[in-house]
Amino acid sequence: MFKYYAKYSPYLFLLPAAIVLLIFFFIPFFQTVGLSFFDYSENIYRPQFIGIENYITLLHNPIFYKVLWNTFIYLFVAVPVLALFPLCIAILINQKIRGVTLYKILIYLPVIVSIVVAAIAFKWLYADQGILNYLMTKIGLEPAGWLTDPDFALYSVIIVTIWKGIGYYMIIYLAALMSVPKELYEACDIDGADFLTKHLTVTVPHIMPTIALVTTISAISAMKVFAEIYVMTKGGPLNSSKTIVYYIYERAFENLDLGFASAAAVVLLIIVMIFSLINILCFEKNKYQI
Amino acid sequence: MKGLKIKNLYIHLILITVSLLSIFPFIWLISTSLKGNSENIFAYPPQIIPSDFTWANYSGVWQRVNFIGYFLNSMIVAGGTVVLNLMLSAMAGYPLARMEFKGKKFTFFAILATIMIPFQAIMLPVYLITLKLHLVDSVNNFAGFIGLIMPFAVSAFGIFLMRQAFLGIPKEMEEAAIVDGCNVWQVFWKVLIPMVKPSLAVLAIFTFIGSWGEFLWPSIVLTKESMYTLPVGVNNLQGMFSSNWRFIAAGSILSTIPILIFFLFMQRYFISGGNEGAVKG
């Protein structure tokens with residue numbers, strides 16, 4: 001095709017997006033790394049260059065380890081559930097049954113609703129004399145301090161994240177299930193395979209790439225949780241539900257310890273970049289081909 | 001045939017249970033919001049159907065909280081974010097799909113790199129830059145809105161979505177337009193944009209939902225209550241009414257109505273599949 005545009009026109013078309021990305025992505029990215037080498041805690045207007053000292057402080061900070069540990073618990077609990085449970089739901093919805101659209105709408109509803117409203121709704125379920133504790137006593141258990149007991153708080157917040165994600169990943173799986181050849185299921189039926197065997201031998205191997213994709217994107221979003229924690233526990237009690245983004249927020253915007261917060265942000269950056277790289281290189285390669 | 005029916009019955013039972021679990025937190029919130037002062041909201045066993053039914057919590061919270069203001073602020077921010085995303089993504093996607101230029105590969109990978117940078121990790125410098133540019137509500141409301149919008153004015157997701165859409169248009173369309181005497185801007189605006197409307201619609205809807213629910217950034221930059229968006233305003237209910245759960249519940253439900261209506265009208269875009277990866281997780 002002949003070149004119908006001037007030499008400079010591609011750049012003009014790219015310019016507005018480039019300016020926004022430069023100011024609000026690339027400069028802040030390098031600034032995060034830069035800030036992490038300065039000390040703001042003495043005087044916020046006169047930062048001191050201290051090299052990698054923030055990182056050393058970080059490595060000697062027990063709260064940071066607690067926060068990292070909490071973040072990994074978040075991953076270990078939320079990611080497997082979000083990778084498998086929505087798949088089961090999607091398989092069930094994919095059967096030839098009535099009312100599929102209604103089920104999809106209801107299960108997708110938590111995705112649409114603001115995370116703040118969702119967190120408030122759960123806070124109400126978790127209340128000390130709330131409905132969940134009623135059910136606990138009903139089945140003969142002690143009422144729990146869902147958000148006030150350090151042993152429970154993190155898991156109570158994780159449940160909200162899982163609950164809000166199920167519909168989203170279900171839709172991704174439903175799209176993937178459409179690509180499984182129907183003949184394979186028919187072959188299974190002729191062989192007399194039962195429901196479970198059929199899906200373990202046909203469905204799961206076929207949509208393995210999607211399962212892997214859901215694993216990485218749910219891991220990335222689990223790394224980034226903030227609102228649930230902010231609304232429900234503020235990271236407490238005793239830092240038991242504090243994860244890395246909340247910690248960065250707290251150190252940066254409440255303690256104004258900009259250098260230290262940036263060092264923690266660099267750790268978050270590195271972890272998320274590794275997950276994203278896996279994601280792009282393994283599962284979404286064709287989406288980003290030049 | 002009988003086996004099939006029993007199997008379907010089990011499937012329905014499971015799906016009904018999951019559906020109920022999905023909406024139960026909202027149902028319980030609605031139930032609480034409709035209970036009057038004479039009814040104990042901590043009663044055991046809990047009552048789903050209010051015995052002292054009242055709308056008073058809704059009118060009470062409506063009078064004390066400026067929901068219309070929050071709603072309008074959210075509309076301005078989400079609307080502005082959508083318009084900018086459509087314009088910037090389409091403009092950037094076009095040369096990436098259709099033109100040859102020096103530095104194309106570099107541009108492509110630079111945009112791809114932004115996918116890997118989570119906003120949460122760079123939010124502190126983003127805030128410092130926004131302050132430096134005076135894009136905060138303490139300067140004036142307009143600057144405040146610009147500051148809320150700009151960090152999300154374009155995304156790699158949008159650029160790649162539009163690039164993909166332009167790639168799908170046959171080149172003959174452009175050639176015909178150029179033969180007819182169109183310049184490059186006219187080719188873009190009059191020929192290509194009308195053909196990528198479905199992708200623009202997808203981008204608009206998902207950008208809108210993302211922006212509407214955004215909580216972290218507005219709660220960092222906003223200082224004035226009159227500038228609150230809905231999520232920030234709803235979170236603030238907890239402080240305003242401390243333990244008055246009737247009001248908190250009523251306010252939360254009120255704030256959800258607009259997005260619920262939006263969802264029900266647009267549901268096919270969300271649940272039909274094929275748009276996966278569009279909402280930010």
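Every number here is computed from the coordinates shown, using simple stated rules; none is lab data. Because the structure is a prediction, the values reported are computed rather than measured. Positions of Cβ are generated from backbone atoms using ideal geometry, with glycine treated the same way; all protein chains shown enter the neighbour counts.
Test of understanding: what is the full-extension gain from residue A:191 to residue A:6, defined as 0.36 nm times their sequence separation minus their Cα-Cα distance? Could you put the intermediate results ahead of the total?
Details: separation 185, 0.36 × 185 = 66.60 nm, distance 6.40 nm.
Contour length minus the Cα-Cα distance gives 60.2 nm.
Under the classification rounded if a/c is under 1.5, otherwise prolate if a/b is larger than b/c and oblate if not, where does the range A:1-147 fall, given a ≥ b ≥ c as square roots of the Cα gyration tensor eigenvalues? Intermediate values should be presented prior to the final figure.
Values: a/c = 2.85, a/b = 1.25, b/c = 2.28.
Because a/c hits 1.5 or more and a/b fails to exceed b/c, the range A:1-147 counts as oblate.
Quick check on the range B:1-62: what does the Kirkwood estimate of hydrodynamic radius come out to from the alpha carbon pairs, in Å?
Numbers: mean 1/r = 0.0710 Å⁻¹.
For the range B:1-62, inverting the mean 1/r across all distinct Cα pairs yields 14.1 Å.
Under the rule of at least 5 residues apart or a separate chain, name every residue whose amide H is placed under 5 Å from the amide H of residue A:38.
A:50
Where the convex hull is taken over the Cα atoms of chain A, what is its projected area averaged over directions, in nm²?
Values: hull surface 93.3 nm².
Spelled out: convex hull of the Cα atoms, projected over all directions, averaged, 23.3 nm².
Given +1 on the Cβ of Lys and Arg, -1 on the Cβ of Asp and Glu, and no further charges, what dipole in debye does the protein assembly as shown carry about its Cα centre, rounded to the nearest 20?
Details: 36 positive and 28 negative charges, 209 e Å.
With only Lys, Arg, Asp and Glu charged at Cβ, the dipole is about 1000 debye.
With label points built 7 Å along Cα→Cβ from the Cα atoms of residue B:242 and residue A:182, find their separation and express it in nm.
Between residue B:242 and residue A:182, the label points sit 6.3 nm apart.
With charges set only on the Cβ (+1 for Lys and Arg, -1 for Asp and Glu), what does the dipole of chain B come to about its Cα centre, in debye to the nearest 20?
520 debye
For the pair residue B:183 and residue A:43, how long in nm is the line joining their label points, each one 7 Å along Cα→Cβ?
If labels sit at residue B:183 and residue A:43, their model points lie 5.6 nm apart.
Can you list, bin by bin at 10 Å, the percent of alpha carbon pairs in the range B:75-199, starting at 0?
P(r) for the range B:75-199, in whole percents per bin: 12, 34, 31, 18, 6, 0.
Mind putting a number on the dipole of chain A about its Cα centre? Charges go on the C-beta only, +1 for Lys and Arg and -1 for Asp and Glu, and I need it in Debye to the nearest 20. Working shown, then result.
Working: 18 positive and 17 negative charges, 179 e Å.
That gives chain A a dipole magnitude of about 860 debye.
I'd like to know which of B:258, B:138, B:72 lies farthest towards the positive end of the charge dipole of chain B, counting +1 on Cβ of Lys and Arg and -1 on Cβ of Asp and Glu.
Checking the options against the dipole of chain B, the answer is B:258.
Residue-wise, which Karplus ³J(HN,Hα) couplings in Hz belong to the range A:99-107, taking 6.51 cos²θ - 1.76 cosθ + 1.60, θ = phi - 60°, and x for glycine or proline?
Per-residue couplings from phi come out as x, 4, 4, 4, 4, 4, 4, 5, 6 Hz.
Based on the mean of other Cβ atoms within 10 Å per residue, sort peptides A:242-253, B:180-191, B:15-26, B:221-232 so the most packed one is first. Numbers along the way, then the final one.
Working: A:242-253: 23.8, B:180-191: 15.1, B:15-26: 17.2, B:221-232: 20.0.
So the peptides A:242-253, B:180-191, B:15-26, B:221-232, ranked by packing, come out A:242-253, B:221-232, B:15-26, B:180-191.
I'd like to know which of B:185, B:19, B:231 lies farthest towards the positive end of the charge dipole of the protein assembly as shown, counting +1 on Cβ of Lys and Arg and -1 on Cβ of Asp and Glu.
B:185
On the Cα set of chain B, report Rg and Dmax in Å, please.
Answer for chain B, Rg first and Dmax second: 23.9, 78 Å.
Using only the alpha carbons of the range B:44-94, what is the convex hull's orientation-averaged projected area in square nanometres? Walk me through the intermediate numbers first.
Values: hull surface 27.2 nm².
Average projection, Cα convex hull of the range B:44-94: 6.8 nm².
With an 8 Å Cα cut-off and a minimum separation of 6 or more residues, compute the relative contact order for the range B:2-54 in percent. Show your work: numbers first, answer last.
Numbers: 23 pairs, mean separation 15.8, N = 53.
Dividing the mean separation by the residue count of the range B:2-54 yields 30 percent.
Restricting everything to alpha-carbon atoms, can you work out Rg to Rh for the protein assembly as shown with a Kirkwood hydrodynamic radius?
On the way: Rg = 25.2 Å, Rh = 25.7 Å.
Rounded to two decimals, Rg over Rh is 0.98.
For peptide A:29-36, compute the average count of partner chain beta-carbon atoms within 10 Å of each residue's beta-carbon. Intermediate values should be presented prior to the final figure.
Values: counts 8, 2, 6, 7, 2, 1, 3, 0.
For peptide A:29-36, the averaged partner shielding equals 4.
For residue A:7, give me every one of the aspartates and glutamates with a C-alpha distance below 17 angstrom, ignoring sequence neighbours fewer than eight places off in its own chain.
The reachable aspartates and glutamates, counting only those whose Cα sits under 17 Å from residue A:7, are B:100.
Provide the FRET efficiency to the nearest 0.05 for the residue B:14-residue A:61 pair, computing r from the beta carbons and using R0 = 30 Å. Show your work: numbers first, answer last.
Working: r = 46 Å, r/R0 = 1.52.
Computed FRET efficiency for residue B:14 and residue A:61 comes out at 0.10.
What does the average come to when, for each residue of peptide B:25-32, you count the partner chain Cβ atoms lying within 10 Å of its Cβ? Provide the component values of the computation, followed by the final result.
Values: counts 14, 6, 1, 7, 7, 1, 1, 3.
Shielding by partners across B:25-32 averages 5.
On average, how many beta carbons from a partner chain sit within 10 Å of the beta carbon of a residue in A:97-106? Can you show the working numbers first?
On the way: counts 6, 2, 4, 2, 4, 3, 8, 7, 8, 8.
Mean inter-chain Cβ contacts per residue within 10 Å come to 5.
Projected onto the charge dipole of chain A (+1 at Lys/Arg Cβ, -1 at Asp/Glu Cβ, origin at the Cα centre), which of A:105, A:222, A:288 gives the Cα projection farthest towards the positive end?
Checking the options against the dipole of chain A, the answer is A:288.
If you count, for each residue, the other Cβ atoms within 10 Å and average over each peptide, how do A:74-84, A:195-205 line up from highest to lowest? Intermediate results must be reported in sequence, preceding the final value.
Details: A:74-84: 18.7, A:195-205: 14.5.
Highest to lowest by the protection proxy: A:74-84, A:195-205.
Residue by residue through the range A:265-271, which ³J(HN,Hα) values in whole Hz follow from phi under the Karplus form 6.51 cos²θ - 1.76 cosθ + 1.60 (θ = phi - 60°), with glycine and proline marked x?
Whole-Hz 3J(HN,Hα) from phi for the range A:265-271: 5, 5, 4, 4, 4, 4, 5.
Could you check the simple spin-label distance between residue A:94 and residue A:208, using points 7 Å along Cα→Cβ, in nm with one decimal?
1.6 nm
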